[in-house]
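Please treat every number below as a calculation from the coordinates, not as lab data. A quick note: this is a predicted structure, and the numbers were derived from the prediction, not measured. Counting neighbours? That spans all protein chains shown, and the Cβs are built from the backbone with ideal geometry, glycine included.
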Amino acid sequence: MLLDIATSAIGLLAPAAVDLVKSIFGKAKNDDEALAELALKDPAGAAQFVSAKAALLEAKAKYFNRDVIGIPSLWVVNLRASIRPIFTIFSLALMIAATFNNINIDPSIKALMEITISSWFGSRMVK
């Protein structure tokens, strides 16, 4: 029981803790502030900033889709996006069924499901 509480608390609080650390140590300006400051100081540099930012986003998109050749079909995109929600719903349903039907689940599998469920809820609290 104590292990269940600990894993759920860790999964619930970990996304908030990561965002807190990022906000404390990651004092980088956002793109709008940097572009406004650059437009005031060096208007010619603003165009270079926008083109560099576009190139960075394109490179990130290419890296993310590095295993896909061509444009992926819509069902592949939807499948990739639905993996975490499906596993979270499945874990929640199995945990509820195990509670009411006295089903024994291996402690390591149970801990994985608890962390998955609580981190999903924790990431929703942060946003």
(message) Angle check, please: helix 74-101 long axis (alpha carbons) against the longest principal axis of the chain (alpha carbons), in degrees 0 to 90, nearest 10.
(response) 30 degrees
(message) Within the stretch 55-92, name every residue whose backbone N is under 19 Å away from a label modeled 7 Å from Cα of Leu112 along the Cβ vector.
(response) 82-92
(request) Enter the angle in degrees (range 0 to 90, nearest 10) between the Cα long axis of helix 2-25 and the first principal axis of the Cα atoms of the chain, meaning the one along which they spread out most. (result) 10 degrees
(message) Give me the extension gain from Leu92 to Ile71: residue separation times 0.36 nm, minus the current Cα-Cα distance, reported in nm with one decimal.
(response) 4.2 nm
(message) Using helices alone, I'd like the mean residue ellipticity at 222 nm for the chain: each DSSP H run of four-plus residues gives -39500 (n - 2.57), total over residue count, nearest 500.
(response) -28500 deg cm²/dmol
(message) Using a 7 Å offset from the Cα along the Cα-to-Cβ direction at both Asn104 and Phe64, what is the distance between the two label points in nm, to one decimal?
(response) 4.4 nm
(request) Mind checking which aspartates and glutamates have their Cα closer than 18 Å to the Cα of Lys53? Skip sequence neighbours fewer than 8 apart in that chain. (result) Asp31, Asp32, Glu33, Glu37, Asp42
(message) Rg over Rh of the chain, using C-alpha atoms and the Kirkwood radius, what does it come to?
(response) 1.15
(message) Using 0.36 nm times the number of residues separating Asp4 and Ala81, minus their current alpha carbon distance, what extension gain do you get?
(response) 24.9 nm
